[in-house]
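A short write-up of the structure that comes next.
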Amino acid sequence: MCEIFISADPASYESRTRSVRLHGVVTSIRLEHLYWEVLEEIARRDGMAVVHLIEKLYDELVVARGGVGNFTSFLRVTALRYEGLVAQGRIPADVNIPIRSLDAKTVLQELPKGWSAPPATRADGEAAAPAARALQRALTRLPH
């Protein structure tokens, strides 16, 4: 069993740090090479650079959840979810089909337990703040 995993090219699990600019603020993201490759594939499918994909994911995460938390971990999970959804046939393996052209509800229908989060709520139990306010709060917390 282990040979399936230990025979991986060591370069695939070497970490690489990239500087990215999120709304004018430069930050560093450190991921293993294989994660960067998957994120690059996702970005290419929709005709964008990986930096633009990362900014889009960041913005959409803030809107959906009202905050970011550990964004690097989120990117790792994004890459794993993408590969899992492709393996399950929920996302077409044909990289010429843009992800933006897919119906998210269809892709996410009847996912295994733990693959989807409940809607975000604030500490007081209310629904997450409106998108514009949430994004503004997150941007003010970015490291300068």
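The values are calculated or read from the model by the stated rules, or taken from the named source; none is laboratory data. Nothing here was measured: the structure is a model prediction, and the numbers come from that model. Glycine also receives a Cβ, built like all others from the backbone with ideal geometry; neighbour counts cover every protein chain displayed.
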What about residue 105, is it at pLDDT below 95, charged (D, E, K, R), outside any loop (DSSP other than H, G, I, E, B) and exposed (fewer than 12 other Cβ atoms within 10 Å of the Cβ)? yes
Looking at region 88-96, is at least one residue touching a Ser or Thr at 6+ places or on another chain (Cβ under 7 Å) and either buried (at least 16 other Cβ atoms within 10 Å of the Cβ) or over 20 Å from residue 21 (Cα atoms) (or both)? no
How many residues of region 43-62 are surrounded by 17 or more Cβ atoms within 10 Å (Cβ to Cβ), more than 16 Å from residue 82 (Cα to Cα) and among the small types (Gly, Ala, Ser)? The answer is 0
Could you list, in sequence order, the residues of region 30-77 that are in a loop (DSSP other than H, G, I, E, B) and modelled with pLDDT of 95 or more? 46, 47, 48, 49
Kindly provide the set of residues from region 10-42 that are under 12 Å from residue 76 (Cβ atoms) and surrounded by 14 or more Cβ atoms within 10 Å (Cβ to Cβ), ordered by number. 29, 31, 32, 34, 35, 36, 38, 39
Do the conditions hold for residue 123, that is, is it assigned to a loop (DSSP other than H, G, I, E, B), surrounded by fewer than 11 Cβ atoms within 10 Å (Cβ to Cβ) and at pLDDT below 55? yes
Is at least one residue of region 131-143 touching a strand residue (DSSP E or B) at 6+ places or on another chain (Cβ under 8 Å), modelled with pLDDT under 90, among the hydrophobic types (A, V, I, L, M, F, W, C) and assigned to a helix (DSSP H, G or I)? yes
